[in-house]
Amino acid sequence: MSEVEGLNLFHTEKKYVFGGYHRDPLLRYESTSGGAFTAIAETFCDENYIIFGAEAKGLTVFHSFISNKGELQRFRKSKYSQSRMGSCYRDCKTFLEAGKKVLFSGTPCQVAGLRQFLRLSHTDTAALLTVEVVCEGVPSPLYMEKYQDALFQKYHQKIEQLDYRYTGARFFGRGKWDFEALKVITSKIHHEGKWDFQSMRTKLISQPKQIILDRWFNPFWSIWLNHLMSRPSCYECPFARQERTADITLGDLWGVHLYCPELYGNNFGSSLILANSPKGISLLKKARSRLYGHPLDFTEALRYQSPLRKPIDRNPDRAHFMQDLRSGMSYAAINRKWAKKPGFRLLWQKYIWGNQQKINVWYLKNRLFRKGDRVKNA
Ligand SMILES: Cc1cc2nc3c(=O)[nH]c(=O)nc-3n(C[C@H](O)[C@H](O)[C@H](O)COP(=O)(O)OP(=O)(O)OC[C@H]3O[C@@H](n4cnc5c(N)ncnc54)[C@H](O)[C@@H]3O)c2cc1C
Ligand code: SF4
């Protein structure tokens, strides 16, 4: 039994599993997946509430709290970097003791840390709701620092905002495709659905220019998802399992095109929501009026969510990669050495015959055979 298991932090009740997205398309656009976090937070916040979450300033990611749900956008969007907790555990305890309702969101290990802290300090947690993201780990911040150095050399400005999951990129039409740098440069935000492409947008301080890197040409995703730069603890994460520690778990609805295509929602983003405790189930049921979607079978959802089954695999080259990252090697040289270029087959699968196209065929078949809308939205 692992040390964490002995702490009795996992919910073992039957889960309520839901797939879908926020009914407000703008909120979906501003969110990473389907905007489930906003739907949950909006439902939780009636009066006398506090919400904790991760926000970013430039490359720095840190936890903070808000007492006005109008500021929820500070926490929206996944920042793929470990957030600094600062005094948030203590603040959370103070708010609970003062009789506030508290929603705490973060990675599973952060939620577990909070729960253990509150338990050891004998704090009443009846008014606490915990929300965690499905978590495949966090990468070393050093890589993005190198990226910033490279941009600084070119543009003489630091990063103001990094959107790892930008959904407004246009690959054809008004967006300009820069073949040399393999990036799309566009000066306007276009409300285009591109959730399962995971483009990354970088805004520089006081510069109108935005740098948009396409998912399959972005060295960050190649290196990180090859598990070359995850934090050491993530390779043996005790929270990568079906039993969850938070009341609610939020993730992307990966595999949507395979088992619930009706929830793809035009590639604007779709969420997987697990309500793991009676508190979580009751809140999710109340939040359903804000969400379009329907319950899902947990076994199906689990097939496409490896972080809910096991920790990430170790990459034997990690130590070598990290050595290069810590050395004076430039961002470009690191990428040349370690990032994999997409092959023709992958590009074909993603752009020519991708999920969007498969779902279009599914819709066409449905129309032809008059099956109508299969969404079982109650
Ligand atoms: C590091 C990380 C790894 C992830 N890995 C996966 C994965 O492998 N598979 C998967 O399906 N989903 C993963 N997710 C979750 C997914 O990216 C979305 O965050 C989730 O689906 C919620 O999206 P949303 O549209 O509901 O809301 P959004 O409004 O976009 O969600 C924002 C929420 O994420 C929290 N958050 C953002 N950045 C951080 C951070 N650095 N640390 C702690 N909390 C943060 C905020 O506090 C807020 O609660 C990951 C998220 C993070 C942060
Ligand atoms: S993978 Fe596990 S240890 Fe790593 S950040 Fe996520 S929850 Fe924490």
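The values are calculated or read from the model by the stated rules, or taken from the named source; none is laboratory data. Bear in mind the structure is a predicted one, so any value in this text is a computation, not a measurement. With ideal geometry, Cβ positions are generated from the backbone for all residues, glycine too; neighbour counts draw on all protein chains shown. Areas reflect the complete protein model, heavy atoms only, side chains present, ligands, DNA and RNA absent. Shrake-Rupley method; radii C 1.70, N 1.55, O 1.52, S 1.80 Å.
Observations on the structure shown:
- Which numbered condition S83 misses (of (1) closer than 22 Å to S140 by Cα; (2) touching a residue at least 60 places away in the same chain (Cβ under 8 Å)): (2)
- Cβ-Cβ contacts under 8 Å between residues 6 or more apart (or on different chains), taken from a first residue in segment 316-339 that is among the hydroxyl-bearing types (S, T, Y) to a second residue that is open to solvent by less than 50 Å² (accessible area, probe 1.4 Å) and part of a helix (DSSP H, G or I), are listed as S330/K146; S330/A150; Y331/K146; Y331/Y147; Y331/A150.
- Among the residues making up segment 102-144, those that are closer than 25 Å to D46 by Cα, open to solvent by less than 60 Å² (accessible area, probe 1.4 Å), more than 11 Å from ligand 1 (Cβ to nearest atom) and not in a helix (DSSP H, G or I) are V102, T123, T125, A127, L128, L129.
- Criterion (under 16 Å from the mean Cα position of the chain (by Cα), modelled with pLDDT under 95 and of a type in the set (G, A, S)) met by exactly one of G251, G255: G255
- Selection status of E30, under 22 Å from E160 (Cβ atoms), at pLDDT below 95 and either within 9 Å of ligand 1 (Cβ to nearest atom) or surrounded by fewer than 19 Cβ atoms within 10 Å (Cβ to Cβ) (or both): yes
- Number of residues in segment 201-221 that are within 16 Å of ligand 1 (Cβ to nearest atom), in contact with a helix residue (DSSP H, G or I) (Cβ under 8 Å, 6 or more places away or on another chain) and open to solvent by less than 30 Å² (accessible area, probe 1.4 Å): the value is 2.
- Qualifying residue in segment 176-188 (condition: open to solvent by 30 Å² or more (accessible area, probe 1.4 Å) and at pLDDT 90 or above): no
- Yes/no for G269 being open to solvent by less than 20 Å² (accessible area, probe 1.4 Å), under 17 Å from the mean Cα position of the chain (by Cα) and in contact (Cβ under 8 Å) with a residue 24 or more places away in the chain: yes
- Evaluation of G6 against (1) in contact (Cβ under 8 Å) with a residue 12 or more places away in the chain; (2) more than 16 Å from ligand 2 (Cβ to nearest atom) (one fails), failing number: (1)
- In segment 306-322, the residue that is most open to solvent (accessible area, probe 1.4 Å) out of those that are over 12 Å from Y143 (Cα atoms) and away from ligand 2 (no atom under 15 Å from the Cβ) is P316.
- Test result for F220, out of contact with any Gly (no Cβ under 8 Å at 6 or more places or on another chain), touching a residue at least 60 places away in the same chain (Cβ under 8 Å) and assigned to a loop (DSSP other than H, G, I, E, B): no
Conditions (1) of a type outside the set (A, V, I, L, M, F, W, C); (2) farther than 30 Å from R336 by Cβ, marked per residue:
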residue: S230; (1), (2): yes, no
residue: T245; (1), (2): yes, yes
residue: L250; (1), (2): no, yes
residue: P261; (1), (2): yes, yes
residue: G265; (1), (2): yes, yes
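- Residues satisfying the stated conditions in segment 288-334, i.e. under 30 Å from L27 (Cβ atoms) and in a helix (DSSP H, G or I): R288, S289, R290, F298, T299, E300, A301, L302, R303, S306, P307, L308
- With respect to the conditions (1) crowded, with 16+ Cβ neighbours inside 10 Å; (2) within 16 Å of ligand 2 (Cβ to nearest atom); (3) not polar (S, T, N, Q), A36 lacks only one, and its number is (2).
- Scanning segment 222-236 for residues that are open to solvent by 20 Å² or more (accessible area, probe 1.4 Å) and over 18 Å from the mean Cα position of the chain (by Cα) gives P232, S233, E236.
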